[in-house]
Structure formats: structure tokens, C-alpha cells
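Read through the structure below, which is laid out as C-alpha cells, and then see the notes.
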Ligand SMILES: *Cc1c(COP(=O)(O)O)cnc(C)c1O
Ligand SMILES: [Zn+2]
């Protein structure tokens, strides 16, 4: 069932809606089955968790056999940690996890056209999966979006709708138009999170059927953060783990509304003035699911912290010198780890490929 987070109203999964009639966001209630004796024998991609993914018919699946990204050991400041290379996806970011399931669902619903708004990677991912499914796609972007991402969206054949305004105004325009078209939104649409949750399953398998004590995730709207929580909860519900990792959300100090709400113990989500940040992928000044994210932090005994521009640069340079070419947003999770200094088993997720922000990286490297 689709369940409204605000009023509790339920809808069948086959209803082509992306929010409740009361305006609240929807979550999915679904019995997720995991049996690793069977899963282990399947091909190494995220669809090996088929029984945990709420798509009815296999023939509706839209996939590039993505996922099962590598985990590598990494030694930093005399500490041994794990890096999950989640930038190794067909479109260059973990957003493919969500897009594969969301567009499979759109396909299953017989939808012919979708719209999505994004400042970059989510738009690229939705456009690519629509190209594969032959679903018409229109992506709304703010006018200052980086060229590489615009080019990528266009190359996939999606229509670009460039909005004269900021990220928030872009989302508002998409929301208006979503009255008549299916909204493949990575923030609203709950199917997206049914894809990002596969991160947790992979970590569990790759760490020899165990989970880390701490997980560091760059967080703006929380699409990976919330997904990770759903995945670990599925593992617990299926009896595979009895303790969830502490989930640590990393925000940019220049745009940190969830951090502010959490630290000041406020009831409602905060809209902050967004200053420029290198971590463009998490520069969300009024996140829709802030309360959900804070809830998860409390439930997992996790935390929220901010990193500043210098800390992001330091982490990015460190990673590049060790051969990991990621975008600055991605480096913020390592920056968060270095600041938090946990003493037990930690995993840092690297979320987006460096080739997406060559200009920014060039500037950092030349002026470091
Ligand atoms: C989307 C994205 C994130 C996480 O963003 P959310 O707004 O929390 O979903 C992190 N890193 C990269 C590279 C991204 O594209
Ligand atoms: Zn409702």
C-alpha cells in the first residue's frame, strides 16, 4: 500500500499518484522478502533483491543490470574504513538505484510521459531510464545547472525545461505541471526509495553478512539516507541483523536546514538561505522529508553534521590523490567522517562521479 505520512490515508500500489490528496508525502508498506541463500546465486546487480522490490511483473523492469558497486578498504589518517563506490553506475551516480525502480513502476502503470525536476544527477538518471523504456521525459532544471549534466540529459533525448529561477522555483514549476503528468520526482515519489534501499543489502552481503557501526551519507533531500534506513530495516525484519548502523547525515555548512532543525530541536522543516557550496548535489534549502530524516537519526542513534568548503576540498584532494575521482558533493561524506572521528567500523558512501564536475574540480586542484 501507499501510505500518507501526514494523514495516514492508504492507496493501492497500482494507483498512479505521487502524493496524497491532503498534500502529504507517501511511503510504501510492502512485505519485503530477503533470502540470501537464493540471492547469493543470482547475478551481481541490484535486481538480485527482486523479492524486496515492489514491482509486479518482471517484464516491466527497466534496468541496465546496475548496482553491486564495489566496496574497497581505505586507509585514512591511520584509520581503516570502507568506501562504497556508488558513483560507478551507468549515469555516474547512485541515483540510478532509484530511477530503475521508479521508471519500472511508471512502465508497469502504462505511463507514457513523466516529468522530473533536478539540479543534476537525478535528472540524468530519470532521463536515461526513460530513454531505455521509451517513455517521454521532461526535466526541469534551474538555469545555473552545470553544463555536463545538461548535456547528459539532452543526449538521452529528454526535453530540457530551463527555469529562470533557483532550485525551489524550479520544483514549484514542476509541481504545477505535475497536475496533469506523472511526477517522477526523486523526493516525492516513494518508489525511488525502494531503489536506494538496495545500498543496504549490498553492504550487508559485501561485508560478509554484517553491517558497519557507522555509515556516512551526503544528505540534501535524503534520498539515499532514507533509502539506506529502509534497507537496513528490511534486513532486520527478515531476521538478518539485530542492530542498525548509526546513520550519519552530512550537510554542507552553507546549506544545512536539517542540521539546524535537529540541533535547535524545531518541529517543522526550516528554509535556509542557500549560500554557494561546492556540494551542489546536497544544496537543498527546504527539504521535503526533513522530519523523516531526523526521526531516522534518532532511531539509529546517528547524527547530523556539517562540513565547510575547506573540509570538502581537503577530502576531495585526498581521495583524488588515492585514485578516487568523485564530485565535490561526494567528497563531503569523507569530510564528515574525518570530522566525526568514529573509532569503530565505518563505511563512507561515494555518491557521484568526478567527470560530472570537471570545471569545479579543475579549479580546486589548480588553487589548492
Ligand atoms: C543526489 C545526490 C546526493 C544526495 O542527495 P539527496 O538530496 O540527499 O538525495 C549525494 N551525492 C550526490 C552526488 C548526489 O547526486
Ligand atoms: Zn494525506
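Taken together, the values in this text are just the output of simple stated rules run on the coordinates, not laboratory data. Since we're looking at a predicted model, the values are computed, not measured. Cβ placement follows ideal geometry from the backbone for every residue including glycine, while neighbour counts extend to all protein chains displayed.
Restricting the range 278-289 to residues that are in contact with a helix residue (DSSP H, G or I) (Cβ under 8 Å, 6 or more places away or on another chain) and surrounded by fewer than 22 Cβ atoms within 10 Å (Cβ to Cβ), the residue that is nearest to residue 357 (Cα to Cα) is 283.
Among the candidates 27, 56, single out the residue that is within 16 Å of ligand 2 (Cβ to nearest atom) and surrounded by fewer than 20 Cβ atoms within 10 Å (Cβ to Cβ). Talk me through it step by step, then tell me what you get.
Details: 56 fails: within 16 Å of ligand 2 (Cβ to nearest atom).
That would be 27, the only listed residue that is within 16 Å of ligand 2 (Cβ to nearest atom) and surrounded by fewer than 20 Cβ atoms within 10 Å (Cβ to Cβ).
Residues considered: 257, 342, 328. Of these, the only one that is under 28 Å from residue 165 (Cβ atoms) and out of contact with any helix residue (DSSP H, G or I) (no Cβ under 6 Å at 6 or more places or on another chain) is 257.
Those strands (runs of 3 or more DSSP E) of the range 1-99 in which 3 or more residues are touching a residue at least 40 places away in the same chain (Cβ under 8 Å) occupy 26-28, 71-76, 79-85. Residue check: residue 160 meets all listed conditions (1) touching a helix residue (DSSP H, G or I) at 6+ places or on another chain (Cβ under 9 Å); (2) more than 16 Å from ligand 2 (Cβ to nearest atom); (3) in contact (Cβ under 8 Å) with a residue 24 or more places away in the chain but one, namely (3).
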